[in-house]
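S.K.: Could you have a look at this structure, given as structure tokens, before my questions?
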Amino acid sequence: MKFAFSEISLPKRNSLAVPVYADKNFSSTAKEVDNMIGGMLSRAVDASRFNGKKGDILEVLAPAGTEVSRIILFGMGEKNELTQTDFEDLGGTLVRKLNGSGAKIVTVILDDLGDCPLKDSDAAARVAFGAKLCSYSFNRYKTEDDPASEPSLGKMTVACKTSSGARKAFQDLEAIAEGVFMTRDLVSEPANTLYPESFAERCRELSSLGVEIEILNEDKMQRLGMGALLGVGQGSVRESQLVVMRWNGASGKKSSRKPIAFVGKGVCFDTGGISLKPGPGMEEMKWDMGGAGTVTGLMKALAGRKAKANVVGVIGLVENMPDGNAQRPGDIVTAMNGKTIEILNTDAEGRLVLADALWYTQDRFEPEIMIDLATLTGAIIISLGHENAGLFSNNDDLAGQIFDAGEAVGEGVWRLPMSKAYAKQIKSPIADLQNIGTGGRGAGSIVAAEFLKEFVGDTPWAHIDIAGMAWSKKDTPTVPKGGTGYGVRLLDRFVRDNYEGK
Ligand code: BES
Ligand code: MN
Ligand code: ZN
């Protein structure tokens, strides 16, 4: 889809979308159009449930003699309560509605915003951003054209008072959307084509944006002593990989500043290993690399908008398979930090991958802070469903910053507790640690976080369990079903708010 911005004026053809505020309050343009067509819009509103509430939408085909062919009224509710997410949702809602109608080109007018807390240029850019996020589809495996399901909408122009400001604001947002799309592409790709080495190759694409890429193979990881990560991958014919991505965007005095680090779980397929998962639904485990997908898309977004921060992304890529050479329950492995781990369940593999990836990251880069993302536990879906990711941290400030970023972009996180009592559950009788807790099904996500904490040293650290968020079975205004790209917008905002200065 193409996007453009313009000053406020009525288009000469195609579709037009105009705002209505709370209690059926038409914007000036909406009123003007209504007058031009003899009050047809007011009558359409009176004959419907449309009230001007946020999310309300009403489509009216324009009468003969009118320049435009279709007029969409969209409700925006109370102006002073509008947020950036509302404008993004509007963009997405319009795209879905117009694709349903078969419209090809639309002009969206944002006028009379009054005491809306956003600048009109930002509001306009957000509408285009939401529309772009909604327009994504993963269609590389569709070989037959199906015109009925092809999106019709090819262009959106958003009109506002200061279109030059909107155009400028949209540049960064477009880079963020490209990052989100990369994550969605990676998460949607099946495991026969996306395995550790091919994933690492996809990361190389980021070098064109100025991201430095380094790929560690099994030999290299062996020499570093990454027995926990390698143990997970040892039943797979695919070679495990660790990818390091570096974006050095800080300038001036800050250019030598220690980086911030993001670490991702990249289990390209999780069968459970010898502790085999049940068959039904196992295909979902193609997206068990969602954490790594988010870190990669985030690096693309940050580099794409030339973020003024030094950032490292590290992803541990493996495939967890049952095999004659696979790791067994009862095996004891030694992680890079020297800790021994008794593997009691080969399906608790993500924490083993992250153990070495986290230790390596803090050991090599001494980051100011470190945040990992992982589709780590089914238990987090029991706790929080698909509305919030689980947040765990050893640092209240960091946890607060991540929470605030989530509120701002509409990608929620909710913090869960950690404490010694939970950590006790992962003490093994014969090794330093065991990879599952003694508490049965209780507090599974917290126990997993306690395991990770053993590998972060003194670094301020947060863990985000995205098992409930990486994939969606339903459409929302800016996220079509499938791979969501959750976390890219959240962490992009976190970086912008806390590490780029003003
Ligand atoms: N990748 C899964 C977690 C998961 C489950 C992600 C459902 C997305 C949807 C993880 O590797 C796993 O298998 N975790 C086990 C841990 C258990 C063995 C302690 C789980 O959650 O059941
Ligand atoms: Mn597993
Ligand atoms: Zn897993």
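The values are calculated or read from the model by the stated rules, or taken from the named source; none is laboratory data. Predicted model only: the values in this text are computed from it and were never measured. Ideal geometry is used to build each Cβ from the backbone, glycine not excepted, and the neighbour counts take in all protein chains shown. Remember, those area values only see protein heavy atoms, side chains included, never the ligands or the DNA or RNA. Shrake-Rupley method; radii C 1.70, N 1.55, O 1.52, S 1.80 Å.
S.K.: Quote the relative contact order of region 84-226 in percent (integer), defining contacts as alpha-carbon pairs under 8 Å separated by 6+ residues.
M.R.: Taking the mean separation of contacting Cα pairs over the length of region 84-226, I get 28 percent.
S.K.: Kindly provide the helix-only [θ] at 222 nm of the chain, computed as the sum of -39,500 (n - 2.57) over DSSP H runs of four or more divided by all residues, to the nearest 500 deg cm²/dmol?
M.R.: Roughly -10500 deg cm²/dmol at 222 nm, from the helical runs in the chain.
S.K.: I'd like the distance between the alpha-carbon centres of region 14-75 and region 126-200, rounded to an integer number of Å.
M.R.: Here the answer is 29 Å between Cα centres.
S.K.: Would you pull out the residues with amide H under 5 Å of Glu349's amide H, same chain only if 5 or more places away, H placed 1.01 Å from N?
M.R.: Close amide H contacts, sequence-distant or interchain: none at all.
S.K.: Ok, one more. Take each of the peptides 178-184, 464-470, average the number of other beta-carbon atoms within 10 Å over its residues, and list them starting from the highest.
M.R.: 464-470, 178-184
S.K.: Here is a further query. Explain nothing, just the number: dipole magnitude of region 290-381 about its Cα centre with +1 on each Lys and Arg Cβ and -1 on each Asp and Glu Cβ, in debye rounded to the nearest 20.
M.R.: Using Cβ point charges on Lys, Arg, Asp and Glu, region 290-381 gives about 580 debye.
S.K.: Just to be sure I understand the model, the point goes 7 Å from the Cα along the line to the Cβ. What's the resulting Thr193 to Glu81 distance in nm?
M.R.: 4.4 nm
S.K.: Below 8 Å, C-alpha to C-alpha, sequence gap of six or more: please give me the relative contact order for the chain in percent.
M.R.: Contact order relative to length: 15 percent.
S.K.: Put +1 on the Cβ of each Lys and Arg and -1 on the Cβ of each Asp and Glu in region 214-363; which of Ser275, Val314, Ala250 then has its Cα farthest toward the positive end of the dipole?
M.R.: Ala250
S.K.: I'd like the Karplus ³J(HN,Hα) series for region 194-205: coefficients 6.51, -1.76, 1.60, θ = phi - 60°, whole numbers in Hz, and an x wherever there's a Gly or Pro.
M.R.: Working through the residues one at a time gives 9, 10, x, 5, 6, 4, 4, 4, 4, 5, 4, 4 Hz.
S.K.: If you count the DSSP beta bridges with both ends in the chain, what percent of them are antiparallel, to the nearest 5?
M.R.: Restricted to the chain, the bridges split so that about 40 percent are antiparallel.
S.K.: Give the Kirkwood hydrodynamic radius (Å, one decimal) of region 49-116, defined as one over the mean of 1/r across all pairs of different Cα atoms.
M.R.: So the Kirkwood estimate lands at 13.0 Å.
S.K.: Can you work out the Karplus-derived ³J(HN,Hα) for every residue in region 4-13? Use 6.51 cos²θ - 1.76 cosθ + 1.60 with θ = phi - 60°, whole Hz, and x for glycine or proline.
M.R.: Calculated HN-Hα couplings, in order: 9, 10, 8, 6, 6, 7, 6, x, 8, 7 Hz.
S.K.: Can you order the peptides 326-332, 94-100 by their average number of other Cβ atoms within 10 Å per residue, highest first?
M.R.: 94-100, 326-332
S.K.: What accessible area per residue comes out for the chain, rounded to a whole number of Å², with a 1.4 Å probe?
M.R.: 41 Å²
S.K.: Still on this structure: Taking a temperature of 10 °C and a viscosity of 1.306 mPa s, what whole-number D in µm²/s does Stokes-Einstein yield for region 230-286 with Rh from Kirkwood over alpha carbon pairs?
M.R.: The estimated diffusion coefficient comes to 107 µm²/s.
S.K.: Projected area of region 351-429, taken from the Cα convex hull and averaged over every viewing direction, in nm²?
M.R.: Computing the convex hull of the Cα atoms and averaging its projections yields 6.6 nm².
S.K.: Moving to a separate point now. Cβ under 13 Å from Phe138's Cβ, Phe138 left aside: what net charge do those residues give with Lys, Arg +1 and Asp, Glu -1?
M.R.: Around Phe138, the charge tally is +3.
S.K.: Can you give the angle from 0 to 90° between the axis of helix 84-101 and the longest principal axis of the chain, with both taken from C-alpha atoms, to the nearest 10?
M.R.: Value to nearest ten degrees: 70.
S.K.: With N denoting the number of residues in region 2-161, provide Rg(C-alpha) divided by 2.2 N^0.38 Å, to two decimal places.
M.R.: Taking the Cα Rg and dividing by 2.2 N^0.38 Å, one obtains 1.02.
S.K.: Once phi is turned into θ = phi - 60°, what whole-Hz ³J(HN,Hα) does the Karplus curve with 6.51, -1.76 and 1.60 give for every residue of region 363-368, x standing for Gly and Pro?
M.R.: Each residue of region 363-368 in turn: 5, 7, 9, 6, x, 4 Hz.
S.K.: Return the subset of Lys53/Lys132; Lys53/Lys265; Lys155/Lys473; Lys308/Lys473 for which the Cα-Cα distance in this structure is over 29 Å, preserving the input order.
M.R.: Violating the 29 Å limit, Cα to Cα: Lys53/Lys265; Lys308/Lys473.
S.K.: For the charge dipole of region 176-499, defined by +1 on Lys and Arg C-beta atoms and -1 on Asp and Glu C-beta atoms about the Cα centroid, which residue among His463, Gln425, Gly482 has the Cα displaced farthest towards the positive pole?
M.R.: His463
S.K.: Same structure again: Only Lys, Arg, Asp and Glu count, each charged at its Cβ (+1, +1, -1, -1), so figure out the dipole size of the chain about its Cα centre, rounded to 20 debye.
M.R.: Computed charge dipole of the chain: roughly 820 debye.
S.K.: Let me ask something additional. When the expected Rg is taken as 2.2 N^0.38 Å, what fraction or multiple of it is the alpha-carbon Rg of region 85-198?
M.R.: 1.24
S.K.: Ranked highest first by the average count of other Cβ atoms within 10 Å around their residues, in what order do 362-371, 231-240, 39-48 fall?
M.R.: 231-240, 362-371, 39-48
S.K.: Then there is this: How far is helix 444-453 tilted off the main Cα axis of the chain, in degrees rounded to 10, range 0 to 90?
M.R.: The angle comes out at about 70 degrees.
S.K.: Moving to a separate point now. Between Asn345 and Glu67, how many nm apart are label points set 7 Å from Cα along the C-beta direction?
M.R.: Inter-label distance under the simple model: 6.5 nm.
S.K.: Considering only protein heavy atoms and a 1.4 Å probe, what is the carbon-and-sulfur percentage of the accessible area of the chain?
M.R.: On the chain, the fraction of accessible area on carbon and sulfur atoms equals 48 percent.
S.K.: Here is the link list: Lys220/Lys300; Lys79/Lys300; Lys161/Lys300; Lys31/Lys54. Which ones come out longer than 24 Å on Cα distance?
M.R.: Long pairs (Cα-Cα over 24 Å): Lys220/Lys300; Lys79/Lys300; Lys161/Lys300.
S.K.: Between 0 and 90 degrees, rounded to the nearest ten: what's the tilt of helix 488-499 against the longest Cα principal axis of the chain?
M.R.: In the chain, helix 488-499 runs at an angle near 80 degrees to the longest axis.
S.K.: How many percent of Cα pairs in region 176-499 exceed 37 Å?
M.R.: 7 percent
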